[in-house]
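Taking it in order: structure first as structure tokens, then the write-up.
The values are calculated or read from the model by the stated rules, or taken from the named source; none is laboratory data. Please read these numbers as outputs of a predicted model, since none were measured by experiment. When we count neighbours, we look across all protein chains shown, and the Cβ atoms used for this are built from the backbone with ideal geometry, even at glycine. The area values use the complete protein model at the heavy-atom level, side chains included, leaving out ligands, DNA and RNA. Shrake-Rupley method; radii C 1.70, N 1.55, O 1.52, S 1.80 Å.
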Amino acid sequence: MTHPVLVLRADDAGRMSQLHMRCFDDPWSAMSFRGLLLDTSVLTLGVELGGDLVAFVMAQTIAGESDILTVATDPDQRRQGLATTLIGALINRLGERGVSRITLDVAEDNAAARALYRSFGFTEDGRRPRYYTTGRDVPVDAVLMSRNMGL
């Protein structure tokens, strides 16, 4: 199922923070999101269901390369293709903007996200040892991934 994708703006910061809080043990504040949303180098896409923000992706582009800063999907809405829709839309929009490469990092123990990124052609480039610590008994590595855009 395809979901309509929206470009999120500064007035969405509160909704994004609330959703991020449901998804992560170390959520970002509404003020942090607002600052990023006001930055012209940041593109944020979201999906609403029934008027509620249920998923979003945020990426920052600098010198022709983009870094995915965060992806959040409401825990009650996972496994419905929302993240797939958003990552696909993000790749398309960044390609239209001439981005040559997209990077991200993901927790080693997040198998579902790693599989999603691989399905879009991301490859593992390296690791940051013991990077993710919050909400875990034992720290896990950040897996660094990237995708060349073929330009």
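Computed values, structure above
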{"quantity": "Selection within region 19-60 - small (Gly, Ala, Ser) and within 21 Å of Gly88 (Cα to Cα)", "calculated": "Ser41, Gly46, Ala55, Ala59"}
{"quantity": "Criterion violated by Asp76 - all others in (1) part of a strand (DSSP E or B); (2) of a type outside the set (Val, Ile, Thr); (3) open to solvent by 60 Å² or more (accessible area, probe 1.4 Å) satisfied", "calculated": "(1)"}
{"quantity": "Among the candidates Thr61, Thr40, residue that is part of a strand (DSSP E or B) and over 20 Å from Arg79 (Cα atoms)", "calculated": "Thr61"}
{"quantity": "Single unsatisfied condition, Ser29 versus (1) open to solvent by less than 50 Å² (accessible area, probe 1.4 Å); (2) free of Cβ contacts under 8 Å to residues at least 40 places away in the same chain; (3) more than 13 Å from the chain's Cα centre (by Cα)", "calculated": "(1)"}
{"quantity": "Criterion violated by Phe56 - all others in (1) open to solvent by less than 50 Å² (accessible area, probe 1.4 Å); (2) part of a loop (DSSP other than H, G, I, E, B); (3) of a type in the set (Phe, Trp, Tyr) satisfied", "calculated": "(2)"}
{"quantity": "Residues of region 118-151 that turn out to be surrounded by 15 or more Cβ atoms within 10 Å (Cβ to Cβ) and under 21 Å from Asp26 (Cα atoms), as a count", "calculated": "7"}
{"quantity": "Residue count, region 11-37 (criterion: within 16 Å of Leu69 (Cα to Cα) and either in a helix (DSSP H, G or I) or basic (Lys, Arg) (or both))", "calculated": "15"}
